[in-house]
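Student: Pasting a structure here, questions to come.
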Amino acid sequence: MTRPLTAAQRRVVEAADPGTGRLRGTPAQLAALVKRGLAFRHPRPPHDHFLTPAGHRERTAEAAAPEPVEAPAATGVFAARVGGEDPAPESGPARLREVRGAWQGLLELRRMTNPDGATDRPCGWERAHLVRAAALALEAAGHRPATEGEGGYRVRETPQPEAVAVYGPDGGALRACAATLEGAGWQVGEYTEPRTRTRYLLASPRRK
């Protein structure tokens, strides 16, 4: 189980710039947040530290107190719903805040890590976590993930490099998911599985 933040670390997270996620703290505090996956050190001088999507989630969750807050996942990274989880995570206002905070954090991560500062296309973290990144774009846009007994999107890995498959309950849902992913900087095509005749999307993060 992930250890809770110390009081000093929590103050650093809470004091982050609300627009950029920029952090101020001692080298030891900042290094500890990086180790926990809540912050990253910018590769270019002056090498400032900024919140990661998980860090923005932590900050957003704290701002929502005194409502109970779930502990972060063991990986320290926000887990978007990929569809078909068993049991399905709880939905509600707290979840909406987490998703919105994670999406805003991801946009900031794009701005800080894409060489040209672009926020309209995926960054390196997304290309390294394809399923999570695509699922976050869909959940943040309000699409419903699949649950037991209910249709919705499902994001799955594929054998193809830098590509995920997205399934939906019908053609309309697939087209809506395609529009969302394209708007989030993904290249999307619609295909049919030859054996089952199931329609699905193949989505890859755009590089330009």
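Student: Residues of the stretch 21-44 being open to solvent by less than 60 Å² (accessible area, probe 1.4 Å), over 14 Å from residue 55 (Cα atoms) and either in contact (Cβ under 8 Å) with a residue 40 or more places away in the chain or not in a loop (DSSP other than H, G, I, E, B) (or both), which ones?
Tutor: Of everything in the stretch 21-44, just one residue is open to solvent by less than 60 Å² (accessible area, probe 1.4 Å), over 14 Å from residue 55 (Cα atoms) and either in contact (Cβ under 8 Å) with a residue 40 or more places away in the chain or not in a loop (DSSP other than H, G, I, E, B) (or both), namely 42.
Student: If you go through the stretch 136-153, how many residues are open to solvent by 20 Å² or more (accessible area, probe 1.4 Å), farther than 19 Å from residue 102 by Cβ and touching a residue at least 40 places away in the same chain (Cβ under 8 Å)?
Tutor: Total meeting the criteria: 2.
Student: Further question: Restricting attention to the stretch 181-200, which residues are under 15 Å from residue 135 (Cα atoms) and in contact with a Leu (Cβ under 6 Å, 6 or more places away or on another chain)?
Tutor: Matches in the stretch 181-200: 188 only.
Student: How many of the residues in the stretch 108-135 are free of Cβ contacts under 8 Å to residues at least 60 places away in the same chain, buried (at least 16 other Cβ atoms within 10 Å of the Cβ) and among the aliphatic types (A, V, I, L, M)?
Tutor: Residues meeting the conditions: 2.
Student: Let me ask something additional. Would you be able to say whether some residue in the stretch 52-67 is surrounded by fewer than 20 Cβ atoms within 10 Å (Cβ to Cβ) and modelled with pLDDT of 80 or more?
Tutor: Scanning the stretch 52-67, I find no residue that is surrounded by fewer than 20 Cβ atoms within 10 Å (Cβ to Cβ) and modelled with pLDDT of 80 or more, so the answer is no.
Student: All but one of (1) on the phi < 0 side of the Ramachandran plot; (2) open to solvent by 30 Å² or more (accessible area, probe 1.4 Å); (3) assigned to a loop (DSSP other than H, G, I, E, B) hold for residue 162; state the number of the condition that does not hold.
Tutor: So the condition that residue 162 fails would be (1).
Student: Something else now. State all residues of the stretch 156-190 that are of a type in the set (Ser, Thr, Tyr) and touching a strand residue (DSSP E or B) at 6+ places or on another chain (Cβ under 6 Å); if no residue qualifies, say none.
Tutor: Correct list: 158, 167.
The values are calculated or read from the model by the stated rules, or taken from the named source; none is laboratory data. Since we're looking at a predicted model, the values are computed, not measured. No Cβ is skipped: glycine too gets one built from the backbone with ideal geometry, and neighbour counts run over all protein chains shown. For the accessible areas, the whole protein counts, side chains as well, though only heavy atoms, and no ligand, DNA or RNA atoms are used. Shrake-Rupley method; radii C 1.70, N 1.55, O 1.52, S 1.80 Å.
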